[in-house]
Amino acid sequence: MLVAFLYDLKLRQESAGRASLADRYRELFGGRIAANANGNEAIISLLDSAPAMNGFGKLYIEKNTRLELEQLLPAYGLTLDAAGPKSQLQVSRNLSAAQKQLLRSLGYGN
């Protein structure tokens, strides 16, 4: 789920909100994939089909690369608070206009 969330953030950011993970799901189930295709290969290929996403599926799904959230999240206006017993995502205090637009596309209202 976390990889899907990061994928969605990156895709929304790179497309200025014109594309999301939901769009990829529609493509996947819309019949674009051959009936006899290997499921995992088809999904990773579809996820990596956007130029900005090239390699994302292979890196985080196929190779199971460790997610360095502290380094990945700030680009999207988010931080990870791991100080307490449970880690929490928080919205950064100083957001750029692009980060505000991205977070609004997810339903964030401030």
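The values are calculated or read from the model by the stated rules, or taken from the named source; none is laboratory data. It should be emphasised that the depicted structure is a prediction, and the values quoted were computed from it without experimental measurement. Methodologically, a virtual Cβ is constructed for each residue, glycine included, from the backbone with ideal geometry; neighbour enumeration extends over all protein chains shown.
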Tally, over segment 81-91, of residues that are at pLDDT below 90 and touching a helix residue (DSSP H, G or I) at 6+ places or on another chain (Cβ under 9 Å)
1
Being under 18 Å from Phe5 (Cβ atoms) and of a type in the set (A, V, I, L, M) is the filter here; which residues of segment 80-94 pass it?
Leu80, Ala82, Leu89, Val91
The listed residue being without any contact (Cβ under 8 Å) to a residue 24 or more places away in the chain, outside any loop (DSSP other than H, G, I, E, B) and under 13 Å from Phe5 (Cα atoms), out of Ala42, Ala22
Ala22
Within segment 61-110, take every residue that is touching a Phe, Trp or Tyr at 6+ places or on another chain (Cβ under 8 Å) and either part of a loop (DSSP other than H, G, I, E, B) or without any contact (Cβ under 8 Å) to a residue 40 or more places away in the chain (or both) and give me the one that is nearest to Leu47 (Cα to Cα).
Leu67
Can you tell me which residue within segment 41-80, out of those that are on the phi > 0 side of the Ramachandran plot and more than 13 Å from the chain's Cα centre (by Cα), is modelled with the highest pLDDT?
Gly77
Going residue by residue through segment 69-76, is there one that turns out to be assigned by TED's automatic domain parsing to the domain that holds Arg12, in contact with a helix residue (DSSP H, G or I) (Cβ under 8 Å, 6 or more places away or on another chain) and of a type in the set (Ser, Thr, Tyr)?
no
